[in-house]
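Scroll down for the structure; my scribbles are underneath it.
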Amino acid sequence: MFDSKIYIQRRKRLKESIQSGLILFLGNEESPMNYPQNPYHFRQDSSFLYFFGLDSPLLAGVINVEEDKDIVFGDDVDIEDIIWMGFQPSLKDRALEAGVEETEPSNKVEEIVKVAIQQGKKVHFLPPYRSEVKLKIAQLLGLDPDTVKDNISKDLIKAVVEQRSIKIDEEIEEMERAQSIAYEMHTTAMRMAKPGVYEREIVGKMEGIVLSYGCNISFPTILTINGQILHNHYHGNMLEEGRLLVNDSGAESELHYASDITRTVPVGGKFTQKQKEIYEIVLHAQERAIQAIKPNIKYRDVHLQTAKIIASGLKDIGLMKGDAEEAVKAGAHALFFPHGLGHQIGLDVHDMEDIGEDHVGYDDKTKRSDQFGLAYLRMARELHPGFVMTAEPGIYFIPALIDKWKDEGKFTDFINYEQLEEYRDFGGIRIEDNILVTETGYRVLGKPIPKSVEEVEEITAK
Ligand code: GLY
Ligand code: MN
């Protein structure tokens, strides 16, 4: 955990924003895989971690704003638990580590919430993303589960997003730790990218590295020779000479801060001319996107600038035509780059997306577009110092999408469908790093992972 002062300060700031009522944070429970005693790896709720820091199941945190009181609810272990789990520190001692002096047994939370409601106080809570938490909220507040969503606190959403978006130095240090694990994952994968090796062997090695640090992956690993499938979790293919391997993977630090890195390498260590041309476009677009990152710039503008570089690069090699700016305005580039430039990253790999993508990536000044491609931007609004962003452009050749657009006669002024036929089995290329927005610009987190054509070929050929 961080120093208790950090959690005290976070809760103090939240109270100042919310001003009245009760703020309820329910921690996560164990989640069964196939029977209750055989759960998935436990992952605490990120907002609970942010404000209360305690990383174990069945806890709740209540902040009584008017009385300036913070309470942690949970149960101390009994002798049966000790037999199976060993000694556990008392809830009182653990809560003190988060600067919380008051603790109560878990069944008391119901009473406190009921009293608050009787007194006409608002009970603020965030959107639940697990069914058991949704049911618990419904039960505590006397709501029908279907109406829980209508009672979510917009004020709390706004305040939490505002606080969690700005990472302090201690959080950045944690993120650097997650980066150094990602460095080892990615450089190991690059060295293993040889013909005859199976994708799953590389995934196993990478995830073993993460576990050896006592950590976990920050999202299900994407490692595939079919990089045109954006979130491909199938790892059963054998690597073959001439294919590209997309590796989009990362780890959580011990305190659950994420890394999310993508590299694309040629199996066997040498790009073909065609691969190199596309790779250089993506790399140039990614580097320019990173250089554009600074306070007050809208991430949608950085995305559009990146899209223009991609369109213009594809025009240079004959896959697109016409004016690159016009092509991007019309949305023609989205055939090749159908996703957004990136997202916030922190305690979640897509930070705070449980709270709602629109609340994290959009605001009154930046509304979501409904254009194909642009509509998928997770983050469009202005950046501020302390935000950590991913920058992850890509170029993909998705046969089903190419065929659909071609059949519809879509964007024939901007796309050379005939030339595209030669790229049907190309796959895809994505390159991703994690970037801190500083007072004056940006800082790429972590030790640089090979990225230029020369660096990637050198390490992959080893
Ligand atoms: N790392 C996967 C994603 O950002 O969607
Ligand atoms: Mn990402």
Worksheet item: Which strands (runs of 3 or more DSSP E) does segment 222-294 wholly contain that include 2 or more residues that are touching a residue at least 60 places away in the same chain (Cβ under 8 Å) and closer than 30 Å to Val437 by Cβ?
Response: 244-249, 261-266
Discussion item. Looking only at segment 70-86, count every residue that is of a type in the set (A, V, I, L, M) and surrounded by 14 or more Cβ atoms within 10 Å (Cβ to Cβ) and tell me the total.
Written reply: 3
Response to the item:
Filtering segment 220-250 for residues that are surrounded by fewer than 18 Cβ atoms within 10 Å (Cβ to Cβ) and over 19 Å from Gly427 (Cβ atoms) leaves a count of 1
Worksheet entry | Meets criteria (acidic (Asp, Glu) and over 25 Å from Leu135 (Cα atoms)) for Glu16 | yes
Worksheet, complete the sentence: Per the filter on segment 323-347, residues under 11 Å from Tyr376 (Cβ atoms) and among the polar types (S, T, N, Q) are none
Discussion item. Could you check segment 329-341 and list, in sequence order, the residues that are in contact with a Phe, Trp or Tyr (Cβ under 9 Å, 6 or more places away or on another chain) and more than 16 Å from ligand 2 (Cβ to nearest atom)?
Written reply: Ala330, Gly331, Ala332, His333, Ala334, Leu335, Phe336
Practice prompt. Looking only at segment 258-276, decide whether some residue is within 13 Å of ligand 1 (Cβ to nearest atom) and either small (Gly, Ala, Ser) or farther than 24 Å from His343 by Cα (or both).
Written response: yes
Worksheet entry | Number of positions in segment 211-254 that are away from ligand 2 (no atom under 16 Å from the Cβ), of a type in the set (D, E, K, R) and farther than 24 Å from Phe336 by Cα | 1
Practice prompt. Return only the number of the condition from (1) farther than 14 Å from Thr187 by Cα; (2) among the small types (Gly, Ala, Ser); (3) surrounded by fewer than 18 Cβ atoms within 10 Å (Cβ to Cβ) that Ser452 does not satisfy.
Written response: (1)
Worksheet entry | Test result for Ile345, under 20 Å from the mean Cα position of the chain (by Cα), surrounded by 22 or more Cβ atoms within 10 Å (Cβ to Cβ) and away from ligand 2 (no atom under 16 Å from the Cβ) | no
Fill in: Unique residue being under 32 Å from the mean Cα position of the chain (by Cα), surrounded by fewer than 20 Cβ atoms within 10 Å (Cβ to Cβ) and either among the hydrophobic types (A, V, I, L, M, F, W, C) or at pLDDT 95 or above (or both) when the list is Lys122, Lys114
Lys122
Practice prompt. Show the residue pairs that are 6+ apart or on different chains and have beta-carbon atoms under 9 Å apart, the first residue being within segment 365-387 and at positive phi and in a loop (DSSP other than H, G, I, E, B), the second being surrounded by 20 or more Cβ atoms within 10 Å (Cβ to Cβ) and of a type in the set (Lys, Arg).
Written response: Gly386/Lys167
Fill in: Subset tally (residues that are in a loop (DSSP other than H, G, I, E, B), out of contact with any helix residue (DSSP H, G or I) (no Cβ under 7 Å at 6 or more places or on another chain) and closer than 19 Å to Lys5 by Cβ) for segment 67-99
0
Discussion item. For the list (1) more than 26 Å from Asp155 (Cα to Cα); (2) surrounded by fewer than 14 Cβ atoms within 10 Å (Cβ to Cβ), I need the number of the one condition that Arg94 fails.
Written reply: (2)
Worksheet item: Does Ile137 satisfy the condition of being surrounded by 18 or more Cβ atoms within 10 Å (Cβ to Cβ) and either basic (Lys, Arg) or assigned to a helix (DSSP H, G or I) (or both)?
Response: yes
Worksheet item: When segment 9-47 is examined, which residues are found to be aliphatic (A, V, I, L, M), in contact (Cβ under 8 Å) with a residue 60 or more places away in the chain and closer than 24 Å to Glu252 by Cβ?
Response: Leu14, Leu26
Worksheet item: Do we have Gly409 as away from ligand 1 (no atom under 16 Å from the Cβ), farther than 30 Å from Gly53 by Cα and free of Cβ contacts under 8 Å to residues at least 12 places away in the same chain here?
Response: yes
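The rows are residues; the columns are (1) within 18 Å of the chain's Cα centre (by Cα); (2) within 16 Å of ligand 2 (Cβ to nearest atom); (3) of a type in the set (A, V, I, L, M).
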{"site": "Leu377", "(1), (2), (3)": "yes, yes, yes"}
{"site": "Pro393", "(1), (2), (3)": "yes, yes, no"}
{"site": "Pro399", "(1), (2), (3)": "no, no, no"}
{"site": "Lys410", "(1), (2), (3)": "no, no, no"}
{"site": "Asp413", "(1), (2), (3)": "no, no, no"}
{"site": "Asn416", "(1), (2), (3)": "no, no, no"}
{"site": "Ile429", "(1), (2), (3)": "no, yes, yes"}
{"site": "Glu457", "(1), (2), (3)": "no, no, no"}
Practice prompt. Please work out which residue is farthest from the chain's Cα centre (by Cα), limiting yourself to segment 227-255 and to residues that are closer than 27 Å to Ser165 by Cβ and within 16 Å of ligand 1 (Cβ to nearest atom).
Written response: Leu230
Item to complete: Quick one: Thr438 ticks every box in (1) surrounded by fewer than 16 Cβ atoms within 10 Å (Cβ to Cβ); (2) within 16 Å of ligand 1 (Cβ to nearest atom) except a single one, so which number is it?
Response: (2)
Worksheet item: Within segment 348-364, how many residues are within 17 Å of the chain's Cα centre (by Cα) and not in a loop (DSSP other than H, G, I, E, B)?
Response: 5
Item to complete: Give me a count of the residues in segment 170-207 that are assigned to a helix (DSSP H, G or I), small (Gly, Ala, Ser) and farther than 30 Å from Asp3 by Cα.
Response: 2
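The values are calculated or read from the model by the stated rules, or taken from the named source; none is laboratory data. Small disclaimer: the values here were computed from a predicted structure and weren't measured. Cβ sites come from the backbone with ideal geometry, for glycine too, and all protein chains shown count toward neighbours.
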